[in-house]
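Here's the structure we're looking at; comments come further down.
The values are calculated or read from the model by the stated rules, or taken from the named source; none is laboratory data. Remember, predicted model here, so these are calculated numbers, not experimental data. Positions of Cβ are backbone-derived with ideal geometry, glycine not excepted, and every protein chain shown enters the neighbour counts. Please note that ligands, DNA and RNA were not included when accessible areas were found on the heavy atoms of the full protein model with its side chains. Shrake-Rupley method; radii C 1.70, N 1.55, O 1.52, S 1.80 Å.
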Amino acid sequence: MSRHTRGRMRSCWNVALGMGVTFLPFSTGMILTVWRWKRLPSATTFPCSTFCSASSEPTDPIEIHKRKLFLWFSHLPREEKQFGGYFSPDTMHVDPLIVERKAAERVGLLGSPFRTRDLSSSSVTVEQLFEPADRSVGRGVNVLLYGAVGTGKSTVFRKLVLDWCRGTSLNHFKLLIPFSCEDLSQMTKAASLRDLVSRKYLHLRKHPILSGEGNQAEDVLFLFNGMEKINLDFRIGATELCSDPNEALPPTVVVVNLLRKYLLPEASILVTTRLSAVDRVPQRYVSRYAQICGFMDPDRQRAYFTKRLLQDTVGTSRKQEAEALIELLYLNLQRESQLAAACFLPSYCWLTCATLHCLHFTDAASPTRTLTSIYTSFLRLNFGGEVLGPGTGTTVPIQEHHSSLMLYVVRTLGKLAFDGVADKRTSFSEAELEQWVGGKTKTDEELRQLAMFRTDVLDFFLAPCVEHGKRLSEEPGGNEEKRYVFAVHGMQEYLAALYVVLGENKSVLEKLTKQVSVVIGQASEDVSALVNILSKFIPLRVFAVFNLLKLFPNLYEKFSRRNRSTIARTMVAEMFRSEDSYNEDVLDQMEQSLLGVHGPKPKQYSEGPPFELYPIFMGGLLHYGNRVLLQQLGCEIQSLTVSQITGVLRKYLLSKPQPPEELMDLLVLLYEFQNPRLTAEVLASIRSIRLTNIRMTALKCFILSSVLSCAPSSYLLEELNLSSCLLTQDLLQMLGPAFRHTRSLNLQFNNLGPESCIVLRDLLLDPNSSVRSLQLCDNPLQESGLLTLLEALPENQTLMHLSLMHTGLGDEGALELAQKLQHHPLQELNVAYNNIGDNAALALVDACREHPTIHTVHLYLNPLSVVGKQSLYVRGVAMSPSDRQVKVLASVTEGSDISENWHPILSVIRENASSWDRSRVTQQLKAFLRDLEWGRQQQPSFWKRLHFRRVEMGVRKTLQILEKDCPPPSA
């Protein structure tokens, strides 16, 4: 491929992708391959058959132009792949609010994002801005479409091109020619207008519509995207006049003459730009001003969320969950919450959808997605390749300024976010913003950059604080101080983490040491050559001075290492705070920030907001994939820095075992870090993972399996406790790889139905499984599911403790279990509270007596008669030395004596009575009282009768607690 062809392809890709998105250039053959094999939705079908097949090549240059434009502009960023399936701009697009502005109010503020009544009357579409009736004879229309970062300018630009290619919009224009101002700013050679067009679109090279003859150009619409990236000088003395489309001039001069209507005056022009660059085009050269205001009402936001979240769930079991998420989001937006203040920007709607999609629709087949990568991709989409230009009134080309806009954000708003995290606060006053964002500026250049930053970027990250009980549409009173917060809570923690990891929180001594080190390091390099020449004439003691010069950079390196150690210590200290939210992991906190808190708010140890996501982001930013994206944003994290931080972090994580309530956050940190070696080392120090009462979701299950998959095959957990975690069959399927690394598996009090037993059966049949204890209490497995589970017993040789209490076993299941026990090394069996009658219980105990290893059977809370209980006790007692004794726990009594396990039995009942059938438990407790009364009457000893009284008081106390908590009967 020639250099010119590569340049044309790169330029067209830049145009198609808009602002802030970078892609690898594809060859023409690759594009045609994608066109042949990637099926487009029916909504994108062209009316002309030439667009439906790659074999029938069109001959009309304009038809070729439409086809290629459609191919280029239909391509979406790779970040869209995380939503699953194939998305087209049609399936995702929701029109933002576009308001026509008068020239006098073109830079006016919108005020509250939810004041739409005054704006609805002036709402327009892009097509209405170019209505033929508004065009003067022989003179086209110049439209300036502007808006803040994230309001949807590039999306509208892309959608406009695609609609014209389909013939559904702007049909009165025969030719539409889009340009990227970023691409034009990088051109150094002079070129005519026709050369510019042919360089980007070779098929239009000889088209007569751009010749300038007659009024043919009135059918042409030029589109210039991102005017802020190019310097346009409309002064006559600086930009010569030109009316010849064939005259070679600098690209900026060509654009200026087009806007002046001196070159092709009949042509119409659409220019998109940011707020700070509106005045770069003089007012007399603009026919109409239009401002993109984003999603100014909850209905547009809901439409966007619906298209995003429901697109991948149509026809699947996840559709109902997606609809519930959308409903919760809409309720949160209707309350005019802080999220609603942020989501008037479509970019934050994208971030919300991406986060929720990751939190709820992650599965084993999905690509690895982390919260850090979502936020990093979000910033890359909006600020990729952006530099902080010199502002209006300077003649320095923008491309010569290499000050990364994202790095400027980190050094200003990142400092603000870091101080907020350190002080445990989220809102900031205008004075604080002036202090951190304004800072001490000295030069005119810094003032221009600051003004541009405040106009274009500041409102993207910060939003007015929404106080509790106060609507967004209400203005603060005269005495009220206006405060600002980060648009989404997670953005504050992300920027604070990026500020720390980049090493921007250096002390004055560290900054001074670095500057001195650089100077002395350069000086030592300069004098090295001179020293080598004069070494024969200079006394040896003089060399000590030069050695000191060379030694000083090493001293600075010690300061740097100490700073990186501080970063690692900060990560551990911030993540494992004991005063943070009560038993809430970081993923639940993030979900609550998006969906709101419905019902009573959870109790917290501290009044300040939790910042547990902040250290998670610090770990995720060290991952190589995120560092590559950050390098594209001008924020480079050195590999040496990552290595040193990782080394210190490893020591802290290995030396400080974490409490159970913090284990989920630790797993999230290891998952975000994506460092298998470090994960394996940390897991080696963990022998038990207890996640009791943690609401497990698809993402949490995926994280647990992914983290444990980093451990070697020989690694085994002594216990994996997932009781009361709201597990379902789908989640159990995702946890399969994690179960192979555990000896004791606790799955009590979940929502596991009969279908879940298929997963558990396969686990027990897996030769790599090492499960010795399996607890399935209080799961509605039913007899059908338990029969499926019991199929694994004849072949399994590892299981020793099996608990099936309150799982719906029944008589048939108990008899089947008795037949499956023959050659299995089981030692303890719990089938309490399973509606097992006398005959089935006796058959099960007889099978256990004949079993070589079973020593305990739990049968309490089953509908056993008094005679049945006595028979079970007699069957369990060894009649001769050759017989085996099996301990049968059927009641708090064993025959006429107190059972040794009466206290554990009552403890189990007290712990679980709230979730069990209270009438059933009450009936069983009264049966215990009858057993105790009968046994007490059989005892001649006073002390034994006193012991019976003590146990009887314990049963009555449990019965009183149960009756006290019992709700009153309904009418």
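Some values worked out for this structure:
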| item | result |
| --- | --- |
| Residue in the range 281-298 that is under 27 Å from Ala217 (Cβ atoms) and polar (S, T, N, Q) present | yes |
| Out of Pro245, Pro265, sole residue that is over 25 Å from Leu345 (Cβ atoms), surrounded by fewer than 21 Cβ atoms within 10 Å (Cβ to Cβ), in the same structural domain as Leu129 (by the TED database) and out of contact with any Asp or Glu (no Cβ under 7 Å at 6 or more places or on another chain) | Pro265 |
| Subset tally (residues that are open to solvent by 60 Å² or more (accessible area, probe 1.4 Å) and outside any loop (DSSP other than H, G, I, E, B)) for the range 187-242 | 6 |
| Cβ pairs under 6 Å, 6+ apart, first in the range 685-700 and under 17 Å from Leu716 (Cα atoms), second open to solvent by 50 Å² or more (accessible area, probe 1.4 Å) | Ser685/Leu654; Arg687/Glu718; Ser688/Glu718; Arg690/Pro660 |
| Counted residues, the range 930-945 - those being surrounded by 15 or more Cβ atoms within 10 Å (Cβ to Cβ) and closer than 23 Å to Leu861 by Cα | 4 |
| Residue check for Leu735: surrounded by 23 or more Cβ atoms within 10 Å (Cβ to Cβ) and in contact (Cβ under 8 Å) with a residue 12 or more places away in the chain | yes |
| Subset of the range 836-857 (residues that are modelled with pLDDT of 90 or more and of a type in the set (S, T, N, Q)) | Asn839 |
| For Phe948: the one exception among (1) open to solvent by less than 70 Å² (accessible area, probe 1.4 Å); (2) out of contact with any Ser or Thr (no Cβ under 9 Å at 6 or more places or on another chain) | (2) |
| Pairs, first assigned to a helix (DSSP H, G or I) in the range 946-971, second modelled with pLDDT under 70 and of a type in the set (A, V, I, L, M, F, W, C), C-beta under 8 Å, six or more apart | Thr958/Ala913; Ile961/Ala913; Leu962/Ala913; Asp965/Ala913 |
| Residue satisfying condition, being under 24 Å from Ile909 (Cβ atoms), at pLDDT below 85 and in a loop (DSSP other than H, G, I, E, B), within set Tyr833, Tyr860, Tyr873 | Tyr860 |
| Residue within the range 799-812 that is polar (S, T, N, Q), modelled with pLDDT of 90 or more and either on the phi > 0 side of the Ramachandran plot or out of contact with any helix residue (DSSP H, G or I) (no Cβ under 8 Å at 6 or more places or on another chain) (or both) present | yes |
| Residue among Thr362, Thr368 that is in contact (Cβ under 8 Å) with a residue 12 or more places away in the chain, in a loop (DSSP other than H, G, I, E, B) and surrounded by 20 or more Cβ atoms within 10 Å (Cβ to Cβ) | Thr362 |
| Check on Ser192, of a type in the set (Ser, Thr, Tyr) and touching a residue at least 12 places away in the same chain (Cβ under 8 Å) | yes |
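Results for (1) open to solvent by 30 Å² or more (accessible area, probe 1.4 Å); (2) of a type in the set (Asp, Glu); (3) closer than 30 Å to Leu717 by Cα; (4) touching an Asp or Glu at 6+ places or on another chain (Cβ under 8 Å), shown as yes or no for each residue.
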site: Gln782; (1), (2), (3), (4): yes, no, yes, no
site: Met805; (1), (2), (3), (4): no, no, yes, yes
site: Asp811; (1), (2), (3), (4): yes, yes, no, no
site: Ala814; (1), (2), (3), (4): no, no, no, no
site: Gln827; (1), (2), (3), (4): yes, no, yes, no
site: Asp838; (1), (2), (3), (4): yes, yes, no, no
site: Cys848; (1), (2), (3), (4): no, no, yes, no
site: Pro863; (1), (2), (3), (4): yes, no, no, no
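Rundown of residues vs (1) at pLDDT below 85; (2) in contact with a helix residue (DSSP H, G or I) (Cβ under 7 Å, 6 or more places away or on another chain); (3) open to solvent by 70 Å² or more (accessible area, probe 1.4 Å), yes/no style:
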{"position": "Lys470", "(1), (2), (3)": "yes, no, no"}
{"position": "Ser473", "(1), (2), (3)": "yes, no, no"}
{"position": "Lys482", "(1), (2), (3)": "yes, yes, yes"}
{"position": "Leu495", "(1), (2), (3)": "no, yes, no"}
{"position": "Asn505", "(1), (2), (3)": "yes, yes, no"}
